[in-house]
Amino acid sequence: MAKDSTNDKLKKVKKIYSFWGKFPSFYSAQDIITFLGRAKTIRSRAVKKIGLKRGNKALEVACGSGRNFPYIIKTVGKEGFILGFDYSQEMLDAAKQLSKQNGWGNIKLIQGDAAQLKITKNNFDGVVSVLGISAIPDWEKALERCHDVLRFGGKLVVCDARLFTGFLKFLNPLIKVIYSKFAAWDPSKNIPEKMKESFGNVEVDNLNFGTFFIAVSVKKE
Ligand SMILES: C[S@@+](CC[C@H](N)C(=O)[O-])C[C@H]1O[C@@H](n2cnc3c(N)ncnc32)[C@H](O)[C@@H]1O
């Protein structure tokens with residue numbers, strides 16, 4: 001059977017996240033299962049690794065409903081700036097609502113395909129994506145766009161999920177079916193390897209019995 005084209009995959013993303021965006025509290029609740037109860041720790045650790053300072057400009061690719069904004073805001077402060085980019089308008093609507101509730105006036109949200117991201121080059125102090133790259137159909141292009149928009153010395157941090165290795169790997173077929181259907185997740189992508197190819201460097205931390213990783217690349221001159 002022919003593989004789904006990028007357009008078909010984007011349609012799937014749109015459909016799945018239109019649902020989650022309309023029910024953001026369900027989406028937040030599933031964090032407990034996905035992160036095995038360690039969502040706060042892992043999300044905040046990923047954001048810390050960007051090394052942002054007060055007043056910095058950050059881009060979150062596939063920001064979804066804004067689950068990482070509290071951690072980013074903590075580092076860049078009110079004087080900083082966050083651009084949240086996502087394909088799903090419904091997820092962005094939920095992110096907008098969250099920003100409004102918290103009085104975050106320095107967050108701009110843009111809808112689009114991260115593989116086609118066209119914003120000023122060498123512009124951002126840091127870029128982050130949590131559970132985003134694994135859902136983006138044209139993910140290799142999206143990582144290249146992340147490289148383009150970073151300033152020299154800026155970091156790209158990707159935090160994403162992997163299948164179980166070891167004795168729990170019997171659960172993998174079930175996990176694959178569920179997360180592909182309900183999250184457009186594709187665990188076959190070797191994200192750190194592609195980051196190394198685009199940036200020339202990558203450091204990877206494994207967490208949660210190897211089911212999560214945080215990969216960091218620095219943009220060099
Ligand atoms: C699992 S959610 C992660 C959301 C958020 N980063 C988080 O930490 O909760 C995956 C997100 O990727 C977004 N996405 C998928 N394909 C995309 C694309 N081509 N461009 C931009 N965003 C995309 C979806 O709309 C969804 O919001």
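The values are calculated or read from the model by the stated rules, or taken from the named source; none is laboratory data. Just so it is clear, the structure is predicted and the values come from calculations on it, not from any experiment. All Cβ positions, glycine included, derive from the backbone under ideal geometry; neighbour counts span all protein chains shown.
Here are the numbers:
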read-out	value
Check on ALA58, more than 11 Å from the ligand (Cβ to nearest atom) and either within 22 Å of GLU144 (Cα to Cα) or part of a strand (DSSP E or B) (or both)	yes
Count - residues of region 8-35 that are modelled with pLDDT under 95, within 11 Å of the ligand (Cβ to nearest atom) and over 18 Å from GLY66 (Cβ atoms)	0
Index of the failed condition, LEU83 passing every other in (1) within 9 Å of the ligand (Cβ to nearest atom); (2) modelled with pLDDT of 95 or more; (3) within 15 Å of the chain's Cα centre (by Cα)	(1)
Among residues of region 190-202, those that are among the basic types (Lys, Arg) and surrounded by fewer than 18 Cβ atoms within 10 Å (Cβ to Cβ), counted	1
Selected residue [more than 17 Å from LYS219 (Cβ to Cβ), modelled with pLDDT of 95 or more, out of contact with any His (no Cβ under 8 Å at 6 or more places or on another chain) and of a type in the set (A, V, I, L, M)] from ILE110, ILE133	ILE110
Which listed residue, of LEU36, LEU52, is in contact with an Asp or Glu (Cβ under 9 Å, 6 or more places away or on another chain) and of a type in the set (A, V, I, L, M)	LEU52
Test for ILE50: is it of a type in the set (A, V, I, L, M) and either at pLDDT 95 or above or within 12 Å of the ligand (Cβ to nearest atom) (or both)	yes
Cβ pairs under 9 Å, 6+ apart, first in region 38-59 and within 23 Å of LYS118 (Cα to Cα) and in contact (Cβ under 8 Å) with a residue 60 or more places away in the chain, second in a loop (DSSP other than H, G, I, E, B) and among the small types (Gly, Ala, Ser)	LEU52/GLY80; ASN56/GLY77; ASN56/GLY80; LYS57/GLY80; ALA58/GLY80
Qualifying residue in region 72-79 (condition: within 17 Å of the chain's Cα centre (by Cα), of a type outside the set (S, T, N, Q), within 13 Å of the ligand (Cβ to nearest atom) and modelled with pLDDT of 95 or more)	yes
Hits in region 86-126 (condition: within 11 Å of the ligand (Cβ to nearest atom) and of a type in the set (Val, Ile, Thr))	ILE110
Residue in region 203-214 that is of a type in the set (A, V, I, L, M, F, W, C), more than 15 Å from the chain's Cα centre (by Cα) and crowded, with 16+ Cβ neighbours inside 10 Å present	yes
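So that you can scan it fast, the table gives a plain yes or no per residue for (1) touching a Gly at 6+ places or on another chain (Cβ under 8 Å); (2) under 17 Å from LYS194 (Cβ atoms):
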residue	(1), (2)
LYS78	yes, no
LEU83	no, no
ASP93	yes, no
ILE107	yes, no
ALA114	yes, yes
ILE119	no, no
SER134	no, yes
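Residues are listed down the side, and each one gets a yes or a no for (1) within 16 Å of the ligand (Cβ to nearest atom); (2) of a type in the set (D, E, K, R); (3) touching a residue at least 12 places away in the same chain (Cβ under 8 Å); (4) within 20 Å of GLN116 (Cα to Cα):
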site: LEU143; (1), (2), (3), (4): yes, no, yes, yes
site: CYS146; (1), (2), (3), (4): yes, no, yes, yes
site: GLY153; (1), (2), (3), (4): no, no, yes, no
site: LEU156; (1), (2), (3), (4): yes, no, yes, yes
site: PHE170; (1), (2), (3), (4): no, no, no, no
site: PHE182; (1), (2), (3), (4): yes, no, yes, no
site: GLU193; (1), (2), (3), (4): no, yes, no, no
site: GLU203; (1), (2), (3), (4): no, yes, yes, no
site: ASN208; (1), (2), (3), (4): yes, no, yes, no
